[in-house]
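In what follows, a single structure is set out as structure tokens and then discussed.
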Amino acid sequence: MAFETITYEVSEQILTITLNRPDKLNAFNATMMRELIEAFDAADADDDVRAIIVTGAGRAFCAGADLSSGADTFDRDARRGPVKRLPDGRVDYSDPQARDGGGQVTLRIFKCLKPVISAVNGPAVGIGATMLLAMDIRIASENARFGFVFSQRGIVPEAASSWFLPRIVGISQALEWCFTGRVFPAQEALAGGLVSRVVPPDELLPAARALAREIATKTSAVSVALIRQMMWRLSGTDDPMEAHKVDSRGIYSRGRSGDVKEGVMSFLEKRPANFKDKVSSDMPDFFPWWDEREYE
């Protein structure tokens, strides 16, 4: 697929999305927003994609929002034209022009049906850090740096990070990083739970690919899709009964599937499993479940 700000490459059932504005340290702009959403749309529609790696070209992962517009960078009225107003003069926040672009990317990643691994090769600041939060597994190079720098720019965290970050690292750590807005090294990110491991630069992509390959070759695509959505969507519920409802549907529907029969028999016969169910055609009939009102 041809893109302007990213590259999209599928090899051995692994999609690698590379942020590709190295001369701008892969700074995020409106084109990158649209292209990332398109890339995740394409990945979900392609049964040959079993796992996704996101990384950056050059020495940075993503240096944050493109600040080339200067003081008007975050002024939507100045850059996009006036946002709609209600009759009393208040802002109509339902106007798409008022939406946060980074949030549109992370919400799309949140809905993804494939596991997403970030390989953070260098500085990841602002949206470069917050877009990582909707990804499932974060591996960092020793050269990586992270910064939730919004307080130092007079703005607030975006990309739904006020939902994601405390769930990943805890409220106290999230607040420290966001209050100070400081840039911190990969080892601090590891200690704080933001990344799962730190590796030398030349081992970063091999480590990410090894993990992606393990998922692609040894697991059921439908099981992984359901697990991803179960874990993310149920993390905010206030009672384990909500998880029980979904677990019960999943165990019943998947228990009758060809993949489960194959998974059990391959184990008993001590051979690799050959899972054939596809995300495009074999997701259970209760999916998506979050609009249902049973058990109430």
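The values are calculated or read from the model by the stated rules, or taken from the named source; none is laboratory data. Predicted model, so just to flag it, every value in this text is computed and none were measured. Cβ atoms come from the backbone with ideal geometry, glycine included; neighbour counts cover every protein chain shown. Remember, those area values only see protein heavy atoms, side chains included, never the ligands or the DNA or RNA. Shrake-Rupley method; radii C 1.70, N 1.55, O 1.52, S 1.80 Å.
Could you identify the single residue in ARG271, ARG233 that is out of contact with any helix residue (DSSP H, G or I) (no Cβ under 6 Å at 6 or more places or on another chain) and free of Cβ contacts under 8 Å to residues at least 12 places away in the same chain? Show your work before the answer.
Values: ARG233 fails: free of Cβ contacts under 8 Å to residues at least 12 places away in the same chain.
Being out of contact with any helix residue (DSSP H, G or I) (no Cβ under 6 Å at 6 or more places or on another chain) and free of Cβ contacts under 8 Å to residues at least 12 places away in the same chain holds for just one of ARG271, ARG233, which is ARG271.
Scanning the range 257-265 for residues that are within 17 Å of ALA51 (Cβ to Cβ) and either in contact (Cβ under 8 Å) with a residue 40 or more places away in the chain or of a type in the set (Lys, Arg) (or both) turns up nothing. Please enumerate the residues belonging to the range 203-222 that are touching a Ser or Thr at 6+ places or on another chain (Cβ under 9 Å) and either more than 12 Å from PRO115 (Cβ to Cβ) or among the hydroxyl-bearing types (Ser, Thr, Tyr) (or both). Hits for the range 203-222 are GLU203, LEU204, LEU205, ARG209, SER220, VAL222.
Residues checked against (1) free of Cβ contacts under 8 Å to residues at least 12 places away in the same chain; (2) over 17 Å from the mean Cα position of the chain (by Cα); (3) more than 20 Å from CYS112 (Cα to Cα):
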position	(1), (2), (3)
ASN29	no, yes, yes
ARG34	yes, no, no
ILE37	no, no, no
ASP41	no, no, no
ASP46	no, yes, no
ARG50	no, no, no
THR55	no, no, no
ALA60	no, yes, yes
ALA65	no, yes, yes
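If you go through the range 234-259 and pick out every residue that is open to solvent by 60 Å² or more (accessible area, probe 1.4 Å) and assigned to a helix (DSSP H, G or I), you end up with 7. Among residues of the range 160-179 being among the β-branched types (Val, Ile, Thr) and touching a residue at least 24 places away in the same chain (Cβ under 8 Å), the one that is farthest from ARG233 (Cα to Cα) is VAL169. Can you name every residue in the range 5-30 that is open to solvent by less than 50 Å² (accessible area, probe 1.4 Å), outside any strand (DSSP E or B) and over 14 Å from PRO123 (Cα atoms)? Listed by number, the residues that qualify are THR5, ASN29. For the range 260-286, name all the residues that are of a type in the set (Asp, Glu), open to solvent by 50 Å² or more (accessible area, probe 1.4 Å) and under 19 Å from LEU113 (Cα atoms). Within the range 260-286, ASP282, ASP285 qualify. Candidates are the residues of the range 180-216 that are in contact with a helix residue (DSSP H, G or I) (Cβ under 6 Å, 6 or more places away or on another chain) and in contact (Cβ under 8 Å) with a residue 24 or more places away in the chain; the one that is farthest from ASN274 (Cα to Cα) is GLY181.
ALA210 passes every criterion in (1) of a type in the set (Gly, Ala, Ser); (2) over 21 Å from GLU12 (Cβ atoms); (3) more than 18 Å from the chain's Cα centre (by Cα) apart from (2). The single condition among (1) over 25 Å from ILE137 (Cα atoms); (2) modelled with pLDDT of 95 or more; (3) assigned to a helix (DSSP H, G or I) that VAL224 does not meet is (1). When the test is whether a residue is under 21 Å from ARG228 (Cβ atoms) and open to solvent by less than 10 Å² (accessible area, probe 1.4 Å), ALA186 does not pass it. Restricting attention to the range 76-126, the residues being over 30 Å from PRO200 (Cβ atoms) and either modelled with pLDDT of 80 or more or not acidic (Asp, Glu) (or both) number 30. Restricting attention to the range 189-202, the residues that are part of a helix (DSSP H, G or I) and surrounded by 15 or more Cβ atoms within 10 Å (Cβ to Cβ) add up to 2.
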